[in-house]
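To keep things clear, I will list the structure first and then write my remarks on it.
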Amino acid sequence: DAKTTQPPSMDCAEGRAANLPCNHSTISGNEYVYWYRQIHSQGPQYIIHGLKNNETNEMASLIITEDRKSSTLILPHATLRDTAVYYCIVRVAYGGSQGNLIFGKGTKLSVKP
Amino acid sequence: ETGVTQSPTHLIKTRGQQVTLRCSSQSGHNTVSWYQQALGQGPQFIFQYYREEENGRGNFPPRFSGLQFPNYSSELNVNALELDDSALYLCASSLPRGGGSYNEQFFGPGTRLTVL
């Protein structure tokens, strides 16, 4: 079973920031938080990952709480092309079961004009 | 685009038949994972291949089997197809282990299998 909890759906106005929450209260010390998204009829796309520090890349920012029990993915200026299902996943990043991404149902983000 | 390709894009089979799906990994990736995604659900891990050996398996019956070739491309075989096997089948390749690199997975576009 997925170790994360996400809201099933969210709306966001185009041009505004989209903040997608994720709860992972049972995360272990060696587990990272990964975010993927899946645009309709395509394969999932990696967005970002982090351990305990906030991370930013060209796609998004990841804010992880100090106790690491929750995180927020931020799309700073959402566009219509960001409409997708967003998955929050916790997993080890080095060795171990590197292939085993456990997906939940994710959050369906709808960006509206 | 991730550089991971899958074929065919769509496939229709009847119950009881066998099917083979193919995946070409991104250049330099020696690990391929397969996932099944039913409609409205997140992808479910089937198994992973690392250097031509199975390296982990999810909760799928033995009629789901796979191969990885020396060039790291991979096949997923499903025997005795059932109606519930209708799904999007995704493969993902990942960076080599070790060297301090994280195991980010790059997904292909998937093969849509319909079992009638």
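Here, each number is a calculation from the coordinates, and none is a lab measurement. Predicted, not measured: the structure shown is a model, and the values here were computed from it. Don't worry about glycine lacking a Cβ; one is built from the backbone with ideal geometry, like all the others, and counts go over all protein chains shown.
Count, for each residue of B:50-63, the Cβ atoms from other chains sitting within 10 Å of its Cβ, then give me the mean as a whole number.
For peptide B:50-63, the averaged partner shielding equals 1.
The relative contact order of chain A, computed from alpha carbon pairs under 8 Å that lie at least 6 residues apart in sequence, is 37 percent. Residues whose amide H comes within less than 5 Å of that of residue A:92, counting only those at least five positions distant or on another chain, are A:32 (H built at 1.01 Å from N in the peptide plane). Bridging of residue A:69 to lysines at a Cα separation below 18 Å is possible for A:3, A:52, once same-chain residues fewer than 8 apart are set aside. Of all aspartates and glutamates in the structure, those lying under 18 Å Cα to Cα from residue A:112, and not within fewer than 8 positions of it along the same chain, are A:11, A:14, A:82. Phi angles across region B:108-116 convert, under the Karplus curve 6.51 cos²θ - 1.76 cosθ + 1.60 with θ = phi - 60°, into 3J(HN,Hα) values of x, x, x, 10, 8, 9, 10, 10, 9 Hz, Gly and Pro given as x. Using the Karplus relation 6.51 cos²θ - 1.76 cosθ + 1.60 with θ = phi - 60°, the per-residue 3J(HN,Hα) values for region B:50-67 come to 10, 6, 6, 10, 5, 9, x, 9, x, 8, 10, x, x, 5, 8, 9, x, 9 Hz, with x marking Gly and Pro. Result for chain A in a Gaussian network model with C-alpha springs under 10 Å: among A:53, A:100, A:23, the largest mean-square fluctuation is at A:100. Remark: mean inter-chain Cβ contacts per residue of A:36-46 equal 6, using a 10 Å Cβ-Cβ cutoff to other protein chain atoms.
On the beta carbon distance between residue A:5 and residue A:45, with R0 = 22 Å, the FRET formula returns roughly 0.50. Counting only Cβ charges, +1 for Lys and Arg and -1 for Asp and Glu, the dipole size of chain A around its Cα centre is about 180 debye. Specify the inter-centroid distance of region A:19-58 and region B:1-50, based on alpha-carbon positions, in whole Å. The distance from the Cα centre of region A:19-58 to that of region B:1-50 comes to 22 Å.
Ellipsoid fit via the Cα gyration tensor, the protein assembly as shown: semi-axes of 29, 21, 16 Å, each the root of five times an eigenvalue, largest first. Under a Gaussian network description of chain A, with springs only between Cα atoms under 10 Å, the residue in A:34, A:87, A:46 that fluctuates furthest is A:46.
Expressed per residue, the C-alpha convex hull volume of chain B stands at 100 Å³.
Scanning residues 5 or more positions from residue B:31 or on other chains, those with amide H under 5 Å from its amide H are B:94, with H placed 1.01 Å from N in the peptide plane. Sequentially through region A:3-16, phi angles give Karplus couplings (6.51, -1.76, 1.60; θ = phi - 60°) of 9, 10, 10, 10, x, x, 8, 8, 10, 8, 7, 4, x, 8 Hz, Gly and Pro residues having no value and appearing as x.
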